[in-house]
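A quick write-up on the structure given underneath.
The values are calculated or read from the model by the stated rules, or taken from the named source; none is laboratory data. Note that the coordinates shown come from a computational prediction; the quantities given were computed from them, not determined experimentally. Cβ sites come from the backbone with ideal geometry, for glycine too, and all protein chains shown count toward neighbours.
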Amino acid sequence: MPRPTTLDLALDSYAWREVPMPGANLGFKLVRMDSTGETVAMLGRFPAGFERHEPGGYVASEEFLVLEGYLDLEGVRYRPGDLTLIPRRFLRTAMSAPEGCTVLAWFGGPAIWRPESELKDAATEGVESVSIAAAPAGYLLSAPEADWTKHNEDEPDAVPEGDAVDAALTQWWRTGLGAEPEFAVAAYVVREQH
């Protein structure tokens, strides 16, 4: 079955797939999205009460955008509209979603959890986050695999291949595929693959 190239993020009728989360008390639901290269892109949902306090991380970097709820990670609360970059090999020791949380996430390679003992040269700094609602148009974040920018007008000819999310957090679509989405947006953020 082909992965979706557009998602109406206000819907809840997706074929969610539940997967285990190593080191966590509960599983995680996801919908894999179309992506390019080594990138693994997904719509994900942490259930209410989710906790993972086992130290570890991912070899790949991760970018996530909170859509609803909030996610507590290393003592920082990420809310809807927060776009966050976690560097590769970042050592995570505390993560929770007390009320549940829905995110869009992009990994710069396989999203395979590694316990702390397998995470060589772990990073403990380098997390960056920006609120897309508060940010002006232009540059937002630069990840190893992609750059994020914000646009205040619909610019179909200027959008490179990658991903886009409207600023209202209701639509996601793959860009640069030759077919524009059937909906119009006034402001959106773009993830341009390097």
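The table that follows gives values for the structure above.
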{"item": "Lone qualifier among Asp34, Asp72 - being among the acidic types (Asp, Glu), within 20 Å of Gly126 (Cα to Cα), surrounded by fewer than 20 Cβ atoms within 10 Å (Cβ to Cβ) and assigned by TED's automatic domain parsing to the domain that holds Gly126", "result": "Asp72"}
{"item": "Meets criteria (assigned to a loop (DSSP other than H, G, I, E, B), in contact with a Lys or Arg (Cβ under 9 Å, 6 or more places away or on another chain) and free of Cβ contacts under 8 Å to residues at least 60 places away in the same chain) for Pro144", "result": "no"}
{"item": "Qualifying residues in segment 37-49 (those that are without any contact (Cβ under 8 Å) to a residue 60 or more places away in the chain and either under 21 Å from Leu85 (Cβ atoms) or in contact with a Lys or Arg (Cβ under 7 Å, 6 or more places away or on another chain) (or both)) - the one surrounded by the fewest Cβ atoms within 10 Å (Cβ to Cβ)", "result": "Arg45"}
{"item": "The lone exception for Gly75 - which of (1) over 15 Å from the mean Cα position of the chain (by Cα); (2) modelled with pLDDT of 95 or more; (3) under 25 Å from Thr170 (Cβ atoms) it fails", "result": "(3)"}
{"item": "Inter-residue pairs, beta-carbon under 6 Å, first within 12 Å of Thr93 (Cα to Cα) and outside the structural domain of Ser142 (by TED's automatic domain parsing) and in segment 116-128, second in a helix (DSSP H, G or I) and not small (Gly, Ala, Ser), 6+ apart", "result": "none"}
{"item": "Any hit, segment 55-69, residues being under 16 Å from Tyr14 (Cα atoms), surrounded by 19 or more Cβ atoms within 10 Å (Cβ to Cβ) and within 16 Å of the chain's Cα centre (by Cα)", "result": "yes"}
{"item": "Test result for Ala158, among the small types (Gly, Ala, Ser) and modelled with pLDDT of 90 or more", "result": "no"}
{"item": "Residue check, Thr149 among the polar types (S, T, N, Q), at negative phi, outside the structural domain of Arg32 (by TED's automatic domain parsing) and in a strand (DSSP E or B)", "result": "yes"}
{"item": "Qualifying residue in segment 103-113 (condition: part of a loop (DSSP other than H, G, I, E, B), on the phi < 0 side of the Ramachandran plot and either among the small types (Gly, Ala, Ser) or in contact with a Leu (Cβ under 6 Å, 6 or more places away or on another chain) (or both))", "result": "yes"}
